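To keep things clear, I will list the structure first and then write my remarks on it.
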Amino acid sequence: MSGGNRESAESAEIEAGRRSGERGGAESGGIGGSGPRRDEEAVSRFVERFAAEMTEAGMQRTAARVFAALLASDDASMTSAELSARLSISPAAVSGAVRYLTQVSMVSRERDPGSRRDRYRLHNQVWYASLTQRDSVMTRWEQALREGVETLGRDTPAGARVAETVAFFEFLQKELLSLLDRWNEYRETLSYEGGAPGAAGGRVKPRDT
């Protein structure tokens, strides 16, 4: 496909995504879903506000906006064209954001059945998956830091500082695993009005005990 034809195809897909998003907003009030009617302007404000909070915390801005848009989608998934139209960004920007979100285990890429279009979906239990990924990262950091302790010398100020860092990560990992176990236990006590998490209209509330 020539460059001009490729750009035309991308523009057509983005326009189709924009019209699909408008229909979804008018009919269901949801981003990429078919849930109860919602105020689309309010939803967009939520997406931008939450994305701004994540950006302030250190996440790439476009990745934060893509993640927030997916989070606000009833089925937790959108195509590149839908994200481009929703956020007014280019397909290349969507691709770069998704690449980052995939690397940190927050989003996965899948193919629509019978289509060549990629669809981007939040991981089930996205925060659990993200924290689990952090656990493996901390393990690698610990290994490198332990080597640093030996290299710097345990009796030197620098060696003692690195050794304390190792102890901190060991403590954090132990507490994190315990916390994730407690979350799984707590999650079993939750029920969802309107369906499971991610289902249209699903709302979480503690089960009666």
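Every read-out reported here was derived from the displayed coordinates using simple, explicitly stated rules and does not represent laboratory data. Computed from a predicted structure; not experimentally measured. Note: ideal-geometry Cβ built from the backbone for every residue, glycine included; neighbour counts use all protein chains shown.
Annotation: extensible slack from Arg140 through Arg61 equals 25.8 nm (criterion: 0.36 nm per residue apart, minus Cα-Cα distance).
Phi-derived couplings, Karplus 6.51 cos²θ - 1.76 cosθ + 1.60 at θ = phi - 60°, listed residue by residue for region 139-149: 4, 5, 4, 4, 4, 5, 5, 4, 5, x, 4 Hz, with x used for Gly and Pro.
The order of the peptides 103-110, 165-172 by mean Cβ neighbours within 10 Å, most packed first, is 103-110, 165-172. Each residue of region 103-108 is assigned a 3J(HN,Hα), and the resulting list reads 4, 9, 6, 10, 9, 10 Hz, derived from the Karplus form 6.51 cos²θ - 1.76 cosθ + 1.60 (θ = phi - 60°), x at Gly and Pro. Highest average first, the peptides 145-151, 180-186 ordered by how many other beta carbon atoms sit within 10 Å of their residues are 145-151, 180-186.
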